[in-house]
Amino acid sequence: MEELIMKIIELEDKAQEIISDAKKADSELEENIAEKTKELEEDIEKRAKKREEYLKNVEETETEEKIAAIKKGLDGKIAALEDKYKANREAWINRIVENVIGRQMS
């Protein structure tokens with residue numbers, strides 16, 4: 001009978017040890033999961049910042065290219081207007097003078 005009681009106590013001690021090991025393993029697993037989660041969150045945040053910076057650079061480059069194209073187009077139009085002014089300046093001045101003088105005489 002005493003041997004049976006000792007066996008039960010021994011089994012109880014082993015069961016307590018198993019439970020303690022399981023709790024320890026569970027705690028370590030939770031810590032590991034928390035650590036991995038934090039690492040993943042940091043990695044995702046870094047990648048998101050890199051992507052954001054990349055997209056910002058692409059957008060800035062595209063915007064600069066569009067601005068340059070618009071300026072080039074405007075420069076061409078301004079040059080064409082200046083050329084037209086140079087070519088027609090005298091004729092326009094004469095026409096304006098004729099219109100002013102012609103109206104004053106009427």
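The values are calculated or read from the model by the stated rules, or taken from the named source; none is laboratory data. Since the model is a prediction, treat every value here as computed from it, not as a measurement. Here the Cβ positions follow ideal geometry from the backbone for every residue, glycine too, while neighbour counts run over all protein chains shown.
Going by what's in this entry, would V97 be described as surrounded by 10 or more Cβ atoms within 10 Å (Cβ to Cβ), modelled with pLDDT under 95 and aliphatic (A, V, I, L, M)? When the stated conditions are applied, V97 passes them.
Would you be able to say whether some residue in region 67-86 is in contact with a helix residue (DSSP H, G or I) (Cβ under 9 Å, 6 or more places away or on another chain), in a helix (DSSP H, G or I) and not basic (K, R)?
Pass one, region 67-86, residues in contact with a helix residue (DSSP H, G or I) (Cβ under 9 Å, 6 or more places away or on another chain): 85.
Going one step further and asking which of them are in a helix (DSSP H, G or I), we end up with 85.
Now drop any that are not not basic (K, R), which leaves 85.
The answer is yes; a qualifying residue exists.
This table checks each residue for (1) of a type outside the set (D, E); (2) modelled with pLDDT of 95 or more.
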| site | (1), (2) |
| --- | --- |
| I5 | yes, no |
| D21 | no, no |
| E45 | no, yes |
| K71 | yes, yes |
| Y85 | yes, yes |
| S106 | yes, no |
